[in-house]
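Undergrad: A single structure is presented below for examination.
The values are calculated or read from the model by the stated rules, or taken from the named source; none is laboratory data. Predicted model only: the values in this text are computed from it and were never measured. Because the Cβ atoms are built from the backbone with ideal geometry, glycine has one as well, and the counts that use them run over all protein chains shown. Heads up: the accessible areas ignore ligands, DNA and RNA and are worked out on the full protein's heavy atoms, side chains in. Shrake-Rupley method; radii C 1.70, N 1.55, O 1.52, S 1.80 Å.
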Amino acid sequence: MSKIILIIFISMLNLMADEAREIIKKLDENFRGKSIYMKLEMKILFMGHERSMKMQSYSEGTKKSFVKITYPPKDKGITFLSLDGQMWQYVPKIERIIKIPSSMMLQKWMGSDITNDDIVKQSSIVEDYEPKIIKKEGSLVTIELLPKENAPVVWGKIVLNIDTKSYTSSKDIFYDEEGKEVRYFIYENVKKVGNYYIPTYWRVQSSDVEGRYTEIFLEEVEYDTKISEEYFRKSALKRFSK
Amino acid sequence: MYKLILKLAWKNSFLRRVRTLLVIIMIAVSMSMMLVLEGVYDGLVKNMVDKNKRSQSGDISIFAKEYRVSRDLANRIKNADEIKAQLQSTKGVEAVVLRVKADGLLSTARKSSFASLIGIDLKEEERFGKFSEFLKEGVIDFQKQGAIVGIELAKTLKLRIGSKVVFSTQDIKGEINSIALHVRAIVQTTNIGLDKGAIFIDINQAHKFLGTTSQDAMQIAIRGEDRELYGKLKRAFPNLDVKEFLELQPMMKMMQDVMIIFNSVTFLIVMGVVFIGIFGVMYVSILERVREFGIMISLGMPYRYIRAQIFLESIVVGLLGYLAGAVLGAILLIYLERYGIDLSAFSDALEMWGYEAVIYATIKVSYFTTTFGAIITASLLSVIIPLSRIKKLNPIEVIKADK
Amino acid sequence: MFKLALKNTLFYKGRSITTAVLTFASTILFILYISLLNGSHKSMLENSLKIYTGAIEIYHKGYRDIGGNEYLIQDVKAITDKLAKIDAIEAYSSRYETYGLLSNKEHSAAAMVAGIEPKREKILSSLESALREGSFLDENSANCLYMGIELAKKLKLGIGDEVAFIGSASDGSFAADIFRVCATFKTGSFEFDSSASFITRSYFDELMYAKNRASYITIKLKNIEDAEEVNSQIITMIDDESLESLTWKILMKNMVESMEIDAVFGYISLSLFMVVIFFVIMIYGFINVSSRIKGFGILRCIGLSKRDVFLLLFYEILILTILATALAAPIAAYICYYYSINPIVIEGIADMYKDYGIISNEIPFDFNLVTFGWNLGVIYLLNFLSILYPYMYINSFGPFEATRHV
């Protein structure tokens, strides 16, 4: 008898783990589709004043993405290409393509609270972490992501608050190894685009730094429209800069 | 006859007991102080040189031609395993290790820092330079993506045993790769570069991570005291950058030179003054006994016996001083060799120069032999002038003289 | 009593000469040694101060530990206006340092690019004298970069070559530009030479939105010894909790500590010499006294007190010491003075070391009257101490016992 209960219990655990994995997968799909095009505005609050940037982003799968800055005028035309874990940047002012070396990867991207690493390693949420449901309230699920033993990620854990109606998160909290909060993402204004749901307002903030955050407003989102392969070549950096 | 002279010399030495004792104490104190000074200075330099050789450069290191200018994966030695085999059968080579290195970024959730990933073979490093002796905390072990970090790097990133870190760098194809590593041990090599920026992992893991093969290495480090080895290797590998320890660590070369000069100057000054001390005492003691010697000469004792007696006297004094100094010095040195001098008050600066906070003395037989030579020489020289005065004496006049 | 002492010193020539010569030698040795020690430390310090670090530097709190745009000084002018009023300050300048990527086709490297005021920097630091090739920056040198020679080597750049810079401006926004390598420098410090480059502020400020902002303000004093005093003056004057003003003692803590160690070792060796010399002088004094025991006995018999005997010995050594130091002091002073103006230059070896990080091959002596004074004081003290034992020895004999002593 007890054996049967144990078996049921174990299989339930498995089910739950599978369920968690399923949720994370769907969440991840919502963020990228097969391919995704976004037009967005980024606002950065830094030392009491706000800076605004606009850009267009094209990405396909987890390994290819292309970003082009459209505003402010002084940065217009700067393009980024990340491909298979490498990252290049083209700056029209200096007419150069620069490969971002590994030592610069954890630099803040364009002065925001997002690092180059965040952009390049988007995929890792599914591959590098073991998800576990820690709370369930109706359609709201809290999932804890613990890094797999040898996953090359710095976070001690990530806690996501997901609405399973839309498979979008409302808040992701990143912790260090000792379990202390380091930074969090907040997502709001979920919108349905085709078969996908996506929050159109994001906010990134460090947990212990006041008066400094980065906000992202999605102005346009298109899923699974065939993005030309042209965007994911080094030649695109210059070509689509204009 | 000589037995008698020896006896006389011994007795005469203690005729003026306090005086002789003062000279002996002088020799003993200054000699032991000097020995300690030499021992500590030598210890300082030796320790530093030794640790540097063991932890990094060996006696000779070989790099690819461009590597030291541009530490890039492209500038690696591509047939390192062959060279290693060749070196191992070269006469004069005691140990060889291959090392794989890559510069990149080491990060935790909160902080990141530039660091050098160094792939090593623990067993070989142990043979090469007793790597385990650098251990400060934890266990030396690379199991399950284990890593060993330098003590200063650990401080910068607030790492502890068990901490997880991520190292990112470009692999051989130029792709940026990351690897998770678990800190198993913290080491202090007192080699500033390593303590501040090194993270050691297993060499095979490093190859896998960087996409290199076991034929590749950034550095081949060689132990071997043979003086001709350097020239020989330089000729054998004209297409590689063969560097001797002192070329790689010129600061150390300078320190060594300065210490040698310094110790010799100290030695000369101290021995010079010691000589003046012995000279004064011997001079007075001989002149006091001019009458005595006059009587002995007029009784038919040949001058050479008197000379022998005086020489013996000064040697007795010198020898006793030397023995006292040697014993005292040896005791102090042995103490300092074992327990060292604690200079933790200056630990920041010491570490910056690669010293340890506790300085241990070295003991070399040469300290004792050179001082022995110097003191005996000083003793002998000190009686030459008084002796020449005696030789000139007319015995009859001496006895007559009322002094 | 003094006359008797004078006669004695003239009579016992051997002892007098040896004592005087030894005192002479030890005085010279002592003074020169200390002077060399202090002098080399001072030059070490001055050399490092000259290269880049100022005698005093003013930072926004947090810049030194954490760094980044949050911790920049936001109003440089407000501070420098105040600094201009302090007399002891010879020169000041602000610097804007940032880390960015310098890139030349295939090669890129993270490096420090610092905006400096070339005119002021010429007075402040020896950056200009580290010039290897090309010509130093000036106010109108625009995008000219003054680059560490090792960095130039790493990036495979020569004079006139262009190099791309990307980094972030003082407001966090993106900054990129093309610089031109106009000159290279070599300070001898590998770390510095392989990671630093300079550009004129007038140009850099536009790119970085850094007008009136600075990483720190560096200050050169007329006299480095006033650092502490001037620093407290600066702190009261700028009166701003968010700023910190630090002297070289803190800015270069490592160097200060290593100089202290060096001094400790130096004093230990010196005390060794002094101990040996002290012993010898004492032995000579002792021999001298013991040959005069009879005389002392007689003196005591005719009514001299123990105190008188001590005085006699004291006068004797005093005469000898004065004689010796009167000769030694001017000679030592002259040597110190000469070498403080014309430092000893280690030829040959220095050339080799200079390539590796020894910035100067000059070892000047230090000429300082206070040091001089206490050095002489120590010599006198040692000589006085050396008569204690002989004096005690005499007193171990009673007056009559002494007269019969052979």
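Undergrad: Can you confirm whether C:Gly39 is touching a strand residue (DSSP E or B) at 6+ places or on another chain (Cβ under 8 Å) and either assigned to a loop (DSSP other than H, G, I, E, B) or surrounded by 21 or more Cβ atoms within 10 Å (Cβ to Cβ) (or both)?
TA: Here the answer is yes, as C:Gly39 does meet what is asked.
Undergrad: I need every pair where a residue in the stretch C:279-293 that is in the same structural domain as C:Arg15 (by TED's automatic domain parsing) and among the charged types (D, E, K, R) has its Cβ under 8 Å from the Cβ of a residue that is modelled with pLDDT of 85 or more and part of a loop (DSSP other than H, G, I, E, B), sequence separation at least 6 or different chains.
TA: none
Undergrad: So, one more: When you look at C:Ala91, is it touching a Phe, Trp or Tyr at 6+ places or on another chain (Cβ under 6 Å), assigned to a strand (DSSP E or B), touching a residue at least 24 places away in the same chain (Cβ under 8 Å) and closer than 30 Å to C:Asn231 by Cβ, yes or no?
TA: no
Undergrad: Does B:Val29 meet the test of being out of contact with any Asp or Glu (no Cβ under 8 Å at 6 or more places or on another chain), surrounded by fewer than 21 Cβ atoms within 10 Å (Cβ to Cβ) and within 11 Å of chain C (Cβ to nearest Cβ)?
TA: Values: out of contact with any Asp or Glu (no Cβ under 8 Å at 6 or more places or on another chain): yes; surrounded by fewer than 21 Cβ atoms within 10 Å (Cβ to Cβ): yes; within 11 Å of chain C (Cβ to nearest Cβ): yes.
Judged against the criteria, B:Val29 is a match.
Undergrad: Test each condition in (1) within 20 Å of the chain's Cα centre (by Cα); (2) over 16 Å from C:Leu246 (Cα atoms); (3) surrounded by 21 or more Cβ atoms within 10 Å (Cβ to Cβ) for C:Glu57 and report the one that comes out false.
TA: Of (1) within 20 Å of the chain's Cα centre (by Cα); (2) over 16 Å from C:Leu246 (Cα atoms); (3) surrounded by 21 or more Cβ atoms within 10 Å (Cβ to Cβ), only one is false for C:Glu57: (2).
Condition check ((1) small (Gly, Ala, Ser); (2) within 14 Å of chain A (Cβ to nearest Cβ); (3) open to solvent by 60 Å² or more (accessible area, probe 1.4 Å); (4) over 17 Å from B:Ala217 (Cβ atoms)) across all residues:
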| site | (1), (2), (3), (4) |
| --- | --- |
| B:Lys53 | no, no, no, yes |
| B:Gln56 | no, no, no, no |
| B:Ser61 | yes, no, no, no |
| B:Leu73 | no, yes, no, no |
| B:Val100 | no, no, no, no |
| B:Gly104 | yes, yes, no, yes |
| B:Thr108 | no, yes, no, yes |
| B:Lys111 | no, yes, yes, yes |
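Undergrad: Shifting gears a bit: Of all the residues that make up the stretch C:277-293, how many are closer than 21 Å to C:Pro399 by Cβ and within 9 Å of chain B (Cβ to nearest Cβ)?
TA: Here the count works out to 4.
Undergrad: Let me ask something else. Looking at C:Gly158, C:Gly134, C:Gly188, which one is surrounded by fewer than 22 Cβ atoms within 10 Å (Cβ to Cβ) and free of Cβ contacts under 8 Å to residues at least 40 places away in the same chain? Full working, then the answer.
TA: Numbers: C:Gly134 fails: free of Cβ contacts under 8 Å to residues at least 40 places away in the same chain; C:Gly188 fails: free of Cβ contacts under 8 Å to residues at least 40 places away in the same chain.
Exactly one residue qualifies, and that residue is C:Gly158.
Undergrad: Here is a check on your reading of the model: is B:Ile334 more than 9 Å from every other protein chain (Cβ to nearest Cβ), over 30 Å from C:Met255 (Cβ atoms) and open to solvent by 50 Å² or more (accessible area, probe 1.4 Å)?
TA: Yes, satisfied.
Undergrad: Only one residue in C:Leu49, C:Leu45, C:Leu29, C:Leu36 is more than 30 Å from A:Gly48 (Cα to Cα), within 16 Å of the chain's Cα centre (by Cα) and within 12 Å of another protein chain (Cβ to nearest Cβ). Which one? Explain how you work it out, then say what you get.
TA: Values: C:Leu49 fails: within 12 Å of another protein chain (Cβ to nearest Cβ); C:Leu45 fails: within 12 Å of another protein chain (Cβ to nearest Cβ); C:Leu29 fails: within 16 Å of the chain's Cα centre (by Cα).
Being more than 30 Å from A:Gly48 (Cα to Cα), within 16 Å of the chain's Cα centre (by Cα) and within 12 Å of another protein chain (Cβ to nearest Cβ) holds for just one of C:Leu49, C:Leu45, C:Leu29, C:Leu36, which is C:Leu36.
Undergrad: Mind checking which residues of the stretch A:171-214 are out of contact with any Ser or Thr (no Cβ under 7 Å at 6 or more places or on another chain), open to solvent by less than 30 Å² (accessible area, probe 1.4 Å) and among the polar types (S, T, N, Q)?
TA: Correct list: A:Thr200, A:Gln205.
To keep it simple, each residue is scored yes or no on (1) surrounded by fewer than 17 Cβ atoms within 10 Å (Cβ to Cβ); (2) in the same structural domain as C:His41 (by TED's automatic domain parsing).
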| site | (1), (2) |
| --- | --- |
| C:Lys211 | yes, no |
| C:Tyr216 | no, no |
| C:Lys222 | yes, no |
| C:Glu229 | yes, no |
| C:Ile235 | yes, no |
| C:Ser245 | no, no |
| C:Ala263 | yes, yes |
| C:Tyr267 | yes, yes |
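Undergrad: One residue is enough: does the stretch C:65-84 have a residue meeting the conditions touching a Phe, Trp or Tyr at 6+ places or on another chain (Cβ under 9 Å), open to solvent by less than 40 Å² (accessible area, probe 1.4 Å) and at pLDDT below 85?
TA: Within the stretch C:65-84, one or more residues are touching a Phe, Trp or Tyr at 6+ places or on another chain (Cβ under 9 Å), open to solvent by less than 40 Å² (accessible area, probe 1.4 Å) and at pLDDT below 85.
Undergrad: Another question, if that's okay. Within the stretch C:111-133, is there a residue that is out of contact with any Leu (no Cβ under 6 Å at 6 or more places or on another chain) and farther than 27 Å from C:Leu45 by Cα?
TA: Among the residues of the stretch C:111-133, not one is out of contact with any Leu (no Cβ under 6 Å at 6 or more places or on another chain) and farther than 27 Å from C:Leu45 by Cα, which makes the answer no.
Undergrad: Right, here's the next one. Looking only at the stretch C:191-209, which residues are within 14 Å of chain A (Cβ to nearest Cβ) and open to solvent by less than 10 Å² (accessible area, probe 1.4 Å)?
TA: C:Met208
Undergrad: Now a separate question. Just a yes or no: is a residue in the stretch A:75-95 at pLDDT 90 or above, farther than 20 Å from A:Val204 by Cα and of a type in the set (Gly, Ala, Ser)?
TA: yes
Undergrad: If we scan the stretch B:203-210, do we find a residue that is on the phi < 0 side of the Ramachandran plot and assigned to a loop (DSSP other than H, G, I, E, B)?
TA: No.
Undergrad: While we're on this one: Does C:Lys253 fit the bill of being open to solvent by 20 Å² or more (accessible area, probe 1.4 Å), farther than 30 Å from C:Ser396 by Cα, away from every other protein chain (no Cβ under 11 Å) and touching a helix residue (DSSP H, G or I) at 6+ places or on another chain (Cβ under 7 Å)?
TA: no
Undergrad: With the condition kept exactly as written, say whether any residue in the stretch B:1-14 is aromatic (Phe, Trp, Tyr) and within 17 Å of B:Phe237 (Cβ to Cβ).
TA: no
Undergrad: Starting from residues that are more than 9 Å from every other protein chain (Cβ to nearest Cβ) and part of a strand (DSSP E or B), keep the ones in the stretch B:143-180 and report whichever is surrounded by the fewest Cβ atoms within 10 Å (Cβ to Cβ).
TA: Of everything passing the filter in the stretch B:143-180, B:Gly146 is surrounded by the fewest Cβ atoms within 10 Å (Cβ to Cβ).
Undergrad: Which one of C:Ile217, C:Ile238 is away from chain B (no Cβ under 14 Å) and within 30 Å of C:Asn143 (Cα to Cα)?
TA: Step by step, each of C:Ile217, C:Ile238 is checked, and only C:Ile217 is away from chain B (no Cβ under 14 Å) and within 30 Å of C:Asn143 (Cα to Cα).
Undergrad: Among the residues of the stretch B:340-386, which ones are surrounded by fewer than 18 Cβ atoms within 10 Å (Cβ to Cβ), at pLDDT 85 or above and among the hydroxyl-bearing types (Ser, Thr, Tyr)?
TA: Residues satisfying the conditions are B:Ser366, B:Thr369, B:Thr370, B:Thr377.
Undergrad: What number goes with the only condition from (1) out of contact with any Lys or Arg (no Cβ under 6 Å at 6 or more places or on another chain); (2) open to solvent by less than 40 Å² (accessible area, probe 1.4 Å); (3) more than 11 Å from chain A (Cβ to nearest Cβ); (4) polar (S, T, N, Q) that C:Asn104 does not pass?
TA: Single failed check for C:Asn104: (3).
Undergrad: Which of the residues that make up the stretch C:166-183 are assigned to a strand (DSSP E or B) and at the interface with chain A (Cβ under 8 Å from one of its Cβ atoms)?
TA: Matches in the stretch C:166-183: C:Ile166, C:Ser168, C:Phe174, C:Ala176, C:Asp177, C:Ile178.
Undergrad: Criterion first (out of contact with any helix residue (DSSP H, G or I) (no Cβ under 8 Å at 6 or more places or on another chain), assigned to a helix (DSSP H, G or I) and not polar (S, T, N, Q)) does B:Asp42 satisfy it?
TA: no
Undergrad: If A:Ile162 passes every condition in (1) open to solvent by less than 50 Å² (accessible area, probe 1.4 Å); (2) within 13 Å of another protein chain (Cβ to nearest Cβ) but one, which one does it miss?
TA: Of (1) open to solvent by less than 50 Å² (accessible area, probe 1.4 Å); (2) within 13 Å of another protein chain (Cβ to nearest Cβ), only one is false for A:Ile162: (2).
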